[in-house]
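I have placed the structure first, in the form of structure tokens, so that the comments after it can refer back to it.
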Ligand code: GRF
């Protein structure tokens, strides 16, 4: 299984994936930002990197096509979005449907999009967490595979929630990636399967 990880920033999830020694191999790390710290993490582990800046392309289609060409050149079987901060075109997503995962810092379907920690605090949620899902054309709406939750404390802030949710992410994302690498997790006819059975609801990891 040849894996590409798409990043835009710090790359702590990339680091967790590297450290997990997956059955698959991370072939390349692609960033839309040349100064993403994630690129340094890849270089330190001798993983190939590519920078494709969205600013060099006139529209989303041509930017996505450049990324697609790089993924083809790397002969990728699995695309992992790990803090990749660009919205993907339906055309790009359809080419990688069933082979592309994302992690989102909320218990989807709550709080698609940005500022998830602030929105969970504003609502007064007692539970918050993260979700790994297959990527489909609609933002953060592909089928959820796994979730992990924390209890929100009275003293939690955006900063503390971000840090606590990140810890969950570093645990569940490598686990889900490994399921994909071993064939336990598959996508067939627009539906996620786990151990050959249709996945009816996201797998819940123990609460922390
Ligand atoms: C994570 O919170 C992830 O859920 C979101 O972007 C953030 C990436 O963090 N999609 P990092 O770059 O992996 O540290």
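Suppose R0 equals 35 Å. What FRET efficiency, 1/(1 + (r/R0)^6) with r the Cβ-Cβ distance, do residue 37 and residue 186 give to the nearest 0.05? List each step's numbers first, then the result.
Values: r = 33 Å, r/R0 = 0.93.
For residue 37 and residue 186, the calculated efficiency is 0.60.
With the chain treated as a Gaussian network of Cα nodes joined by springs under 10 Å, which of 156, 77, 64 yields the largest mean-square fluctuation?
Among 156, 77, 64, the largest mean-square fluctuation in the Gaussian network model of the chain belongs to 156.
Arrange the following residues from fewest to most other Cβ atoms within 10 Å of their Cβ: 130, 181.
On the way: 130 28, 181 17.
Neighbour counts put them in this order, fewest first: 181, 130.
What distance in nm separates the simple spin-label points at residue 139 and residue 75, each placed 7 Å from Cα in the Cβ direction?
The modelled label-to-label distance comes out at 3.7 nm.
Pull out a ≥ b ≥ c, the square roots of the eigenvalues of the alpha-carbon gyration tensor of the range 27-87, then state rounded if a/c is under 1.5, prolate if not and a/b is larger than b/c, and oblate in the remaining case. It would help to have the intermediate numbers written out before the result.
On the way: a/c = 1.90, a/b = 1.31, b/c = 1.45.
Judged from the Cα gyration tensor, the range 27-87 comes out oblate (a/c at least 1.5, b/c at or above a/b).
With a ≥ b ≥ c the root eigenvalues of the C-alpha gyration tensor of the range 11-114, is it rounded (a/c under 1.5), prolate (a/b larger than b/c) or oblate? Present the calculation step by step, with values, prior to reporting the outcome.
Numbers: a/c = 1.37, a/b = 1.09, b/c = 1.25.
Taking the square roots of the gyration eigenvalues as a ≥ b ≥ c, the range 11-114 is rounded.
If you take the beta carbon distance between residue 119 and residue 206 as r and set R0 to 22 Å, what does 1/(1 + (r/R0)^6) give as a FRET efficiency, to the nearest 0.05?
Values: r = 24 Å, r/R0 = 1.11.
Once the sixth-power term is evaluated, E becomes 0.35.
Looking at the calculated P(r) for the range 103-207, what percent of the C-alpha pair distances fall above 16 Å? Before the final figure, lay out each step's value.
Values: 3065 of 5460 pairs.
Cα-Cα pairs of the range 103-207 separated by over 16 Å account for 56 percent.
Using the 10 angstrom Cβ neighbour count as an exposure proxy, how do 85, 1 rank, fewest first?
So the ranking, lowest neighbour count to highest, is 85, 1.
Helix 60-73 against the longest principal axis of the chain: what's the angle in degrees, Cα atoms only, rounded to the nearest 10?
The answer is roughly 70 degrees.
Using a Gaussian network model on the chain with a 10 Å cutoff between Cα atoms, which of 132, 176, 114 fluctuates the most?
Most flexible of the set in this elastic network: 114.
Given R₀ = 35 Å, what would the calculated FRET efficiency be for residue 46 paired with residue 154, taking r from the Cβ atoms and rounding to 0.05? Don't skip to the answer; put the middle values down first.
On the way: r = 46 Å, r/R0 = 1.30.
Result of the calculation: an efficiency of 0.15.
Roughly how tilted is helix 158-182, in degrees to the nearest 10 and between 0 and 90, from the longest Cα axis of the chain?
Its long axis makes an angle of about 50 degrees.
Could you state the number of Å between the C-alpha centres of the range 101-177 and the range 60-91?
The range 60-91 and the range 101-177 have Cα centres spaced 23 Å from each other.
What is the mean projected area of the alpha carbon convex hull for the chain, to one decimal in square nanometres? If you can, show how the numbers build up before the last one.
Working: hull surface 45.0 nm².
Value for the chain: 11.3 nm².
Please order 79, 152 by the number of other Cβ within 10 Å, starting at the fewest. Don't skip to the end; give the middle numbers.
On the way: 79 25, 152 20.
Going from sparsest to densest Cβ surroundings: 152, 79.
Quantify how much of the Cα-Cα distance distribution of the range 1-56 extends past 12 Å, in percent.
Values: 912 of 1540 pairs.
In whole percent, the long-distance tail amounts to 59.
Can you give the alpha-carbon Rg of the range 125-173 over 2.2 N^0.38 Å, where N counts its residues?
Values: Rg = 12.1 Å, N = 49, 2.2 N^0.38 = 9.7 Å.
Against the compact-globule rule of thumb, the ratio is 1.25.
Throughout, read-outs are computed from the coordinates displayed, never taken from laboratory work. The structure displayed is predicted, hence computed values, not measured ones. Glycine gets a Cβ as well: all are built from the backbone with ideal geometry, and neighbour counts include every protein chain shown.
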